[in-house]
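The next block holds one structure in the form of C-alpha cells; read it before the comments.
The values are calculated or read from the model by the stated rules, or taken from the named source; none is laboratory data. The shown structure was predicted, so the numbers you read here are calculated from the model rather than taken from an experiment. With ideal geometry, Cβ positions are generated from the backbone for all residues, glycine too; neighbour counts draw on all protein chains shown. With ligands, DNA and RNA removed, areas are computed over all heavy atoms of the protein, side chains included. Shrake-Rupley method; radii C 1.70, N 1.55, O 1.52, S 1.80 Å.
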Amino acid sequence: MSEEFPSNSGEKIRTEGDRVSKLIEDGQDIRENYLQPLIPLPQQPGIPPEFYPVMIPPSPLSKFIDKIDWKSVNLLKKTNSGVFKYCKEIDLGRKGYEAEVKVYRALERLKLKEEVIVLHSLEYTHEVYQFFVKDHVYISGEKKGLPCDREADQKEGECDFIVMGRNYFVIIEVKQNKADMEEARLQAERTEKLIMGIAQLTGSTSVPPIFKVGVPPYEYKEPRFDDRKFSKWWTKTILSKLPTDQQDFPSYEETKDVLVALWASRKNKCEKERCSLGWNIQDIDQKLRTAVITFENKKGERNPNSNPGIVD
C-alpha cells in the first residue's frame, strides 16, 4: 500500500507489514517495561498460583470527576439555561463513569490462574479501523448502513473494557441506561471486528475466542459486584465456555501487543508512558486541578480549615 504512517520515532512506515511490526514491537516494549509487575498471590503449597489482572491504566481513567452543586445550578438556570444543560451533560457522563469504575474495581480484584491484561477505555480512529477491518459501514445514526467516510483522525469507536486472557478476549460494554444496551451490542461487535482484523494481520491462522458482554444498569448495583459473586459470574460466563483443549490454541500474543500499543497511541504516536503508574497519577492530578467541583452545604461540626462546606 502506498500510504505512509508516522511512527513514534518520526520515520515513515511505508508498508502494511512494517506498520503491524512496529505496533507489535511497541506493545512488547510496553508489556515488558511499563506495566505493573505480575506477582503471584500467596497460596498454600501444591496449589497453582493465582494472579490479579494487570490493569491498563493502573487506575481508572479520570473521565468525569466533576461534582455539581445542583442547588446553585437550579438558581442559575433561571437566568442562564445553558448552565443547566452543560451541568446535566456532565452529570450524565459522571454517572456512566461511576458505573465503569465499579466494573474496573471488580475486574482488578479477580483472582485467576493465568496472566490477564485488562484495557480500560480503548479508543480507535477511523484510520486505524480502516487499516485492520478495511471497508465498513456506519452502525448507527442518519448514515446507518452507508459506507463509512469519516476523516482519518476522527474517532471510529471505543470499548469500555477488553480483557485479554491466555488465548481469548472479552469485550465489556457498560451502559447507564437499559435503553442503551442495543448500542452496547453494536459497539461490542465493532470492536470484535477490530480484534479479528488485528489477529489476521498478525498472522493468526485461527479465529480467537471473543466474548461480548453488555453490563446493564442493575448489574453494577451492590451487592451484585462483590468479589465472590463476580468471580462466580466470570467462571460461569467466560471460563466455563472456553475450549477444553486450550493448550492447542495459539496465545495471540501479537494481537495483544497491537491492542496495547493502540491503547497507548495518540495521533499515530505510541506514548508508552501512558500505561505506567507515574503517568496515571499525573493524569489524575491534572484532572483534579481543572475539574468543576462544588460542594453542597451540610450541617455538622464546623471547621472552616478542613471542611468549609459545613454550616452551623
Residue match in the range 158-171 (condition: over 25 Å from Leu110 (Cβ atoms), surrounded by fewer than 21 Cβ atoms within 10 Å (Cβ to Cβ) and not small (Gly, Ala, Ser)): no
Complete set of residues in the range 227-270 that are under 17 Å from Thr202 (Cβ atoms) and either open to solvent by 40 Å² or more (accessible area, probe 1.4 Å) or of a type in the set (Ser, Thr, Tyr) (or both): Phe249, Pro250, Ser251, Tyr252, Glu253, Glu254, Thr255, Ser265
Flag for Glu114 being in contact with a strand residue (DSSP E or B) (Cβ under 9 Å, 6 or more places away or on another chain), under 18 Å from Thr237 (Cα atoms) and open to solvent by 10 Å² or more (accessible area, probe 1.4 Å): yes
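What is the residue count in the range 191-216 for residues that are more than 22 Å from Phe249 (Cβ to Cβ) and free of Cβ contacts under 8 Å to residues at least 60 places away in the same chain? It would help to see each step written out before you state the result.
First pass over the range 191-216, keeping only residues more than 22 Å from Phe249 (Cβ to Cβ): 214-216.
Adding the requirement that they be free of Cβ contacts under 8 Å to residues at least 60 places away in the same chain leaves 214, 216.
The number of residues fulfilling the criteria is 2.
Can you report the number of residues in the range 6-25 which are farther than 16 Å from Phe132 by Cα, open to solvent by 50 Å² or more (accessible area, probe 1.4 Å) and at pLDDT below 90? Don't jump to the end; show me each part of the working.
Restricting attention to the range 6-25, the residues satisfying the condition of being farther than 16 Å from Phe132 by Cα are 6-12, 25.
From what's left, open to solvent by 50 Å² or more (accessible area, probe 1.4 Å): 6, 8-12, 25.
Remaining after also requiring at pLDDT below 90: 6, 8-12.
Residues in the range 6-25 being farther than 16 Å from Phe132 by Cα, open to solvent by 50 Å² or more (accessible area, probe 1.4 Å) and at pLDDT below 90: 6 in total.
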Count of the range 197-226 residues which are modelled with pLDDT of 85 or more, more than 18 Å from the chain's Cα centre (by Cα) and either of a type in the set (D, E, K, R) or surrounded by 14 or more Cβ atoms within 10 Å (Cβ to Cβ) (or both): 8
Those residues of the range 37-56 which are surrounded by 16 or more Cβ atoms within 10 Å (Cβ to Cβ) and in a loop (DSSP other than H, G, I, E, B), in sequence order: Tyr52, Pro53
Cβ pairs under 8 Å, 6+ apart, first in the range 43-70 and under 25 Å from Phe161 (Cβ atoms) and among the charged types (D, E, K, R), second modelled with pLDDT of 90 or more and not in a loop (DSSP other than H, G, I, E, B): Glu50/Leu112; Lys63/Ser121
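Kindly evaluate Glu273 against the criterion of being under 17 Å from the mean Cα position of the chain (by Cα), open to solvent by 70 Å² or more (accessible area, probe 1.4 Å) and at pLDDT 70 or above. Quick ask: steps written out before the conclusion?
Working: under 17 Å from the mean Cα position of the chain (by Cα): yes; open to solvent by 70 Å² or more (accessible area, probe 1.4 Å): yes; at pLDDT 70 or above: yes.
In short, yes.
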